[in-house]
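The values are calculated or read from the model by the stated rules, or taken from the named source; none is laboratory data. As the structure is a computational prediction, the values presented were derived from the model and not from experiment. Cβ: placed from backbone, ideal geometry, glycine included. Neighbour counts: every protein chain shown. Surface areas here come from the heavy atoms of the whole protein model, side chains and all, with no ligands, DNA or RNA. Shrake-Rupley method; radii C 1.70, N 1.55, O 1.52, S 1.80 Å.
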Amino acid sequence: MIDAHVHIERGPYTRAWIDRFVETALERGLDSLWFLEHTHRFVEFAPLYREAAARDPRHAAWLARKTGLHLSEYTAFVEAMKVEVFPIEVRWGLEVCHVPGKESLVRKLTEGAPFDFLTGSVHWIDGWGFDHGPEYWEGHDVDEAWLRHAELSVDLAESGLYDVIAHPDSIKCFGFMPSPRAEVELASRYARLARALRDGGMAAEVSAGLANNYGRPGVGMEPDLLGAMRDAGVRLVTASDAHRPEDAGLRVGECERAMGR
């Protein structure tokens, strides 16, 4: 089994910290761990978040707490770890917050970096951090949020920058769901997203992240989105979205079952 989304941000850049994740993964029967970091941790990616910081002082404060590392610190650690031997396959990557219009910045910062993969994610809708708390949804139309999230996901897939799309319907994180009328339009956007992923050779995560990190029941994608992925022949990878060693591989088996494996 694969866990294609494992964050190391809560510990130091050391082999001992990585070994804790690997030990948990072995206990859960995993064959492969894909480690990554969020781009918001690195000062070089600050332009991705300027709209969010300007839009809401809560976002600005959150980013100020999270940002401070230089990308070179992480890439140096990745290079050091890639010569190490682990008892399971270990890959190294970066989770990039996709922001339309910032593709050239992402390309410039990641070109030539020692990453095995780039994962693209939609965490911000035009500067709005929809996953920061249910109170952030005040004043937002739920249907419009879902449709815009899907549109941004299509833009991500069509950008040609990434190898994987993370948690492609994480817009449901706090249980705000689209109306039946919006679901009709979402179906066409999901079909377009799936075709773009397939044509770009990208994989899509079947993620347990909302269960593991938000306490939302269930894992994986909503049925309509998963159906579109299957119809298009998109490669699916399981993911825990772990942020702690004890969460590596957590509910990945459930993700496998959700995929019918």
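Peptides 84-92, 183-191 ranked from most to least packed, by the mean per-residue count of other Cβ atoms within 10 Å: 183-191, 84-92. Computed from label points 7 Å out along Cα-Cβ, the spacing between Tyr136 and Arg58 is 0.8 nm. Solvent exposure of the chain, expressed per residue, is 43 Å² of accessible area, with all protein chains present and a 1.4 angstrom probe. Each part gets one Cα centre, and for segment 1-63 versus segment 157-229 those centres are 20 Å apart. The residue among Thr39, Pro134, Gly175 whose Cα reaches farthest toward the positive pole of the charge dipole of the chain, with charges on the beta-carbon of Lys, Arg, Asp and Glu, is Thr39. What FRET efficiency would be calculated for the residue pair Phe176, Arg257, taking the C-beta separation as r and a Förster radius of 30 Å, to the nearest 0.05? My answer for the efficiency is 0.70.
Selection among Leu197, Tyr214, Leu152 by position relative to the dipole of segment 140-221 gives Tyr214 as farthest towards the positive end (Cβ unit charges, Cα centre). Once both labels are positioned 7 Å from their Cα atoms along Cα-to-Cβ, the gap between Ser104 and Asp126 label points is 2.4 nm. Taking K and R as +1 and D and E as -1, what net charge do the other residues with C-beta under 10 Å from the C-beta of Leu33 add up to? Cβ neighbours under 10 Å give a net charge of -2.
Give me the percent of accessible area attributable to carbon and sulfur for segment 139-249, probe 1.4 angstrom. Kindly include the intermediate steps, with their values, before the conclusion.
Values: 2030 of 4420 Å².
About 46 percent, which is the carbon plus sulfur part of the accessible surface.
Full extension of the chain between Val83 and Asp31 yields a length gain of 16.9 nm, computed as 0.36 nm times the residue separation minus the alpha carbon distance. Sorting 147-156, 161-170 by average packing, meaning the other beta carbons within 10 Å per residue, from highest down gives 161-170, 147-156. Per-atom-type breakdown for segment 1-87 gives carbon and sulfur 54% of the accessible area (1.4 Å probe, protein chains only).
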